[in-house]
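The values are calculated or read from the model by the stated rules, or taken from the named source; none is laboratory data. Note that the structure is predicted; figures quoted are calculated from it, not measured. Cβ placement follows ideal geometry from the backbone for every residue including glycine, while neighbour counts extend to all protein chains displayed. Just the protein is used for accessible areas: all its heavy atoms, side chains included, with ligands, DNA and RNA removed. Shrake-Rupley method; radii C 1.70, N 1.55, O 1.52, S 1.80 Å.
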Amino acid sequence: MNGAQILIECLKREGTQVIFGYPGGQVLPLFDKLYDADVDFILVRHEQGAAHAADGYARATGKPGVCIATSGPGATNLVTGIATAFMDSIPMIAITGQVKTFLIGNDAFQEADVTGITRPITKHNFLVKDVKDLARIVREAFYIATTGRPGPVLIDIPSDVQLQEMDFVWPEEVKIRSYNPTYFGHPGQIKRAAKLISAAKKPIIYAGGGIITSGAHHELKTLAEKINAPVTWTLMGIGGFPGEHKLSLGMLGMHGTAYANHAIMESDLIIAVGARFDDRVTGRLDAFAPYAKVIHIDIDPSSISKNVKVDVPVVGDAKNILGQLIEEIKETQDISDWLKTVEEWKKKYPLRYADKGIIKPQYVIEQIYEATRGEAVITTEVGQNQMWAAQWYKYNQPRTFISSGGLGTMGFGLPAAMGAKLGCPDKVVFDIAGDGSIQMNIQELATCVCNKINVKVAILNNGYLGMVRQWQELFYKRRYSHTCLYNPDFVKLAESFGAVGILITKKEDVRSAIEKAISIDNVVVMDFRVDPEENVFPMVPAGEAINRIIGGLA
Amino acid sequence: MKHTISVLVENKFGVLARVAGLFSARGYNISSLAVSETLDPQISCMTIVVQAEDEKILEQIEKQLNKLIDVISVTDFTKKEHVERELVLVKINYLSKQKAQLDKFLKKFLAKVVHGKENTAIIEAVGEQEQIRQLLEGLAKFGVHELVRTGKIAMA
Ligand SMILES: Cc1ncc(C[n+]2csc(CCOP(=O)(O)OP(=O)(O)O)c2C)c(N)n1
Ligand SMILES: [Mg+2]
């Protein structure tokens, strides 16, 4: 076998069913062998699309996504997608071609130091200098990408290595002496955590993406119900706890619900699970949750006590630790007063918007929610559309909300939807998009149409880079510097790709358009002309305490 | 505060760049760095000296170091009892009449001339930071031309 065949054989043995990629000079040997390989290959229209699609596939299925690009410009086009996956701890394998080993470092045609460029945005990366290392490296790459705190791993393979011949040997075992993630919580720490929980009068659970990654949603629900604690979550934690549950508080932080923010600020115990106290969540750090003790459960020791002082750190996998904790907790305080207060906040400060004659973006999301009975997979772009998708759709299942949280990458939603749809072909997949973001990877409509990946794109077309405009309105005296968009005709654009376009300008047409889009057996782009100056509220200005909520409604 | 951190790593290409990257990404300058093989040739030891402007940031760097796949262990010697040494080579020019004075001075620091030609000498000295500082201060009057230091190494 040559290196290319060895690579494909390894990918198959690792369970890869679909690869997203784009060819070029330094992956020609690999593409020659892909021609005969029995794995699905999806030819994207831009390498960034390949990376986001692999990422979306991974988020929707829990399995590692795989993408391939050529050296130089192909590889640098992957970079944003790799960084996006890195920030959100998504298991992904990025494979890049590289110039021949003897040319490396010579500024050869289409050479870029890709392991150098991606060093700070991958969990690990490899340059394969000899085919005899290839199978081991691929195994290690998958092992590293999918275990511990997951993340993207890049493998850079010079084209001469792809051609080197060698007998295939599958390394049965992977062992990396310096890499041993902790999976079970230290029993002493579990005891300490249980003790704090038993003594708490105003507990709150704060759940992050770690719940989704470790598949801890059942345990989270069991724990919440056992101790009767309200649950709030981060953008990445959406779907980890049923949005319709009576203990649910919705998302917290900058655009979180007012009641979630008040509850965490007044709590006396925060049980943080798989979350990292990001600045979008905590607001002003020295004012954050002043009365609370903190239990922090996370698989990554470097997340603990990074921003917030932690009383009981527990390092390990969320699912295991929650299981251990549920066993350990014997009694709890009567917290009915606390729950009553939380209930009052919920009544006093509900999420709401003023429904006028024109289409409100929030209304569109509500209608998508109702039309799909909350069972769709929703991906988002970035900006207001993303926040509304987080606030107004109720997610009851993990892996149904797919969004670039950490990096906030515009252009993520469409290719991610493509990956998600391939991973979950039986689900309806919506990309909730902004008119700005959708134009960043719009070319992937071609990939979707060609491969019959029938995603539904709902553009909340406000004619603005809305989220930036909102900040300009609130903090820069309404000086809308370069945020007003001149947009293409999205219906015609969709049609030119072979997709179906629907223009919606009236509120009463919203629901029927969504239903029509779902029923059409094709890629559909819905252009919803929404209120151009609607804002995302509630809102906590950056750097303020998270109970300093603005937006009139709270 | 100055920290001396010892990092055991896989002896492979790229590892130094990963380690250094964690410091440079935060705008931290590494004041000295010594790297070499250990008893096990597959493992290298890096001794890094860094000025921490913020102890919390350094703590984060150390945790991040531990997270690197190729890092086997990280030890911060700062709060531990340990032995540390550095070797320096100093090239000086001296006047013939200073020879006796120079020899006496070197003896005091257990330093020696390892290479000499006419009135130029390369001096080798080993010591702790403070000794090296005093040595260099004393040598200044003989006219120091060049200085090379290995960077600190440490053992507990
Ligand atoms: C690649 C990239 N560039 C710039 C930004 C900064 N940014 C954040 S939101 C936003 C506006 C997004 O506009 P649109 O897609 O129309 O969404 P809206 O906020 O209007 O819903 C911008 C420019 C970003 N997040 N990502
Ligand atoms: Mg917009």
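Mind telling me which of the residues A:A446, A:A513 ends up being among the small types (G, A, S) and either crowded, with 20+ Cβ neighbours inside 10 Å or within 16 Å of ligand 2 (Cβ to nearest atom) (or both)?
A:A513
Looking only at region A:79-100, decide whether some residue is within 14 Å of chain B (Cβ to nearest Cβ), surrounded by fewer than 24 Cβ atoms within 10 Å (Cβ to Cβ) and within 21 Å of A:Y143 (Cα to Cα).
Yes: region A:79-100 contains one or more residues that are within 14 Å of chain B (Cβ to nearest Cβ), surrounded by fewer than 24 Cβ atoms within 10 Å (Cβ to Cβ) and within 21 Å of A:Y143 (Cα to Cα).
Only residues that are within 16 Å of ligand 1 (Cβ to nearest atom), of a type in the set (A, V, I, L, M) and either open to solvent by less than 70 Å² (accessible area, probe 1.4 Å) or without any contact (Cβ under 8 Å) to a residue 40 or more places away in the chain (or both): list them for region A:354-377, please.
Within region A:354-377, A:I359, A:V364, A:I365, A:I368 qualify.
Is it the case that some residue within region A:283-296 is within 14 Å of chain B (Cβ to nearest Cβ) and in a loop (DSSP other than H, G, I, E, B)?
For region A:283-296, residues within 14 Å of chain B (Cβ to nearest Cβ) and in a loop (DSSP other than H, G, I, E, B): absent.
Restricting attention to region A:468-487, does a residue exist that is away from ligand 2 (no atom under 16 Å from the Cβ), assigned to a loop (DSSP other than H, G, I, E, B), away from chain B (no Cβ under 14 Å) and within 16 Å of A:G413 (Cβ to Cβ)?
no
Can you tell me which residue among A:L351, A:L407 is touching a residue at least 40 places away in the same chain (Cβ under 8 Å), away from every other protein chain (no Cβ under 14 Å), within 16 Å of ligand 1 (Cβ to nearest atom) and open to solvent by 10 Å² or more (accessible area, probe 1.4 Å)?
Result: A:L407 is the single residue among A:L351, A:L407 that is touching a residue at least 40 places away in the same chain (Cβ under 8 Å), away from every other protein chain (no Cβ under 14 Å), within 16 Å of ligand 1 (Cβ to nearest atom) and open to solvent by 10 Å² or more (accessible area, probe 1.4 Å).
Scanning region B:14-59 for residues that are touching a helix residue (DSSP H, G or I) at 6+ places or on another chain (Cβ under 8 Å) and among the small types (G, A, S), which turns out farthest from the other protein chains (Cβ to nearest Cβ)?
The residue in question is B:A52.
Going by what's in this entry, would A:G239 be described as surrounded by 18 or more Cβ atoms within 10 Å (Cβ to Cβ) and touching a residue at least 40 places away in the same chain (Cβ under 8 Å)?
So A:G239 passes the test.
Conditions tested, residue by residue: (1) in the same structural domain as A:Y57 (by TED's automatic domain parsing); (2) part of a loop (DSSP other than H, G, I, E, B); (3) in contact with a Ser or Thr (Cβ under 8 Å, 6 or more places away or on another chain); (4) open to solvent by 40 Å² or more (accessible area, probe 1.4 Å).
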residue	(1), (2), (3), (4)
A:K132	yes, no, no, yes
A:R136	yes, no, no, yes
A:N180	no, yes, no, yes
A:I204	no, no, yes, no
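With respect to B:L136, determine if the residue is in contact (Cβ under 8 Å) with a residue 24 or more places away in the chain and open to solvent by 30 Å² or more (accessible area, probe 1.4 Å).
Yes; evaluated as a whole, the condition is true for this residue.
Being within 14 Å of chain A (Cβ to nearest Cβ) and either open to solvent by 30 Å² or more (accessible area, probe 1.4 Å) or in contact with a strand residue (DSSP E or B) (Cβ under 6 Å, 6 or more places away or on another chain) (or both) is the filter here; which residues of region B:1-13 pass it?
B:V7, B:L8, B:V9, B:N11, B:K12, B:F13
Do we have A:I326 as in contact (Cβ under 8 Å) with a residue 24 or more places away in the chain and within 14 Å of chain B (Cβ to nearest Cβ) here?
In short, no.
Take the conditions more than 16 Å from ligand 1 (Cβ to nearest atom), away from chain B (no Cβ under 14 Å) and more than 30 Å from A:T182 (Cβ to Cβ) and apply them to A:G316. Does it pass?
no
I need every pair where a residue in region A:63-86 that is at positive phi has its Cβ under 9 Å from the Cβ of a residue that is in a helix (DSSP H, G or I) and open to solvent by 10 Å² or more (accessible area, probe 1.4 Å), sequence separation at least 6 or different chains.
Correct list of pairs: A:G72/A:G25; A:G72/A:Q26.
I'd like the residue in region A:378-404 that is part of a loop (DSSP other than H, G, I, E, B) and either within 14 Å of another protein chain (Cβ to nearest Cβ) or within 13 Å of ligand 2 (Cβ to nearest atom) (or both) and, out of all such residues, is most open to solvent (accessible area, probe 1.4 Å).
Per the criteria, the residue is A:V382.
Checking the condition in contact (Cβ under 8 Å) with a residue 40 or more places away in the chain, within 16 Å of ligand 2 (Cβ to nearest atom) and open to solvent by 10 Å² or more (accessible area, probe 1.4 Å), which residue from A:D527, A:D531, A:D521 passes?
Residue meeting the stated conditions: A:D531.
Which residues, taken from region B:81-128, are in contact with a Gly (Cβ under 6 Å, 6 or more places away or on another chain) and either within 26 Å of B:K2 (Cα to Cα) or not in a strand (DSSP E or B) (or both)?
Selection gives B:F105 alone.
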